Amino acid sequence: MAGQFEIFMDAESNVRFRLLGADGTVLATSMAFEDKQSAADGIRAVRECAGTGLITEARANAWGGTGRTRKGIPTPANRRHRHSPAV
């Protein structure tokens, strides 16, 4: 049996959905939606992009956060490259 989406009302009376694995394990829980229709639209959006979504890793850096660049470090687009002459 494949997994399934389940729409539910959370403790704050917001509508959410969760993705359940075939064994009933909760794999993901959505953000809060105003109504069931919005939650269903969210499920459709997940279905559309899940099969083609890239996998990335968010890692905490030594300065906190998960940013890919640090303050004061130039990004690759504006970083100057120094080339040493071939010997």
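Let me know the shape class of region 4-50, please: from the alpha-carbon gyration tensor, a ≥ b ≥ c as square roots of the eigenvalues, rounded when a/c is under 1.5, otherwise prolate if a/b is greater than b/c, or oblate. In terms of gyration-tensor shape, oblate.
Segment ALA60..ALA32, full-extension length gain: 7.5 nm, with 0.36 nm per residue of separation and the alpha-carbon distance subtracted.
Extension gain ASP23-ASP41, at 0.36 nm per residue separation less the Cα-Cα distance, in nm? 4.0 nm is the gain from fully extending ASP23 to ASP41.
Quick note: the coordinates plus some simple rules give every number you see, no bench work behind them. All of these numbers come straight from a predicted model, not from anything done at the bench.
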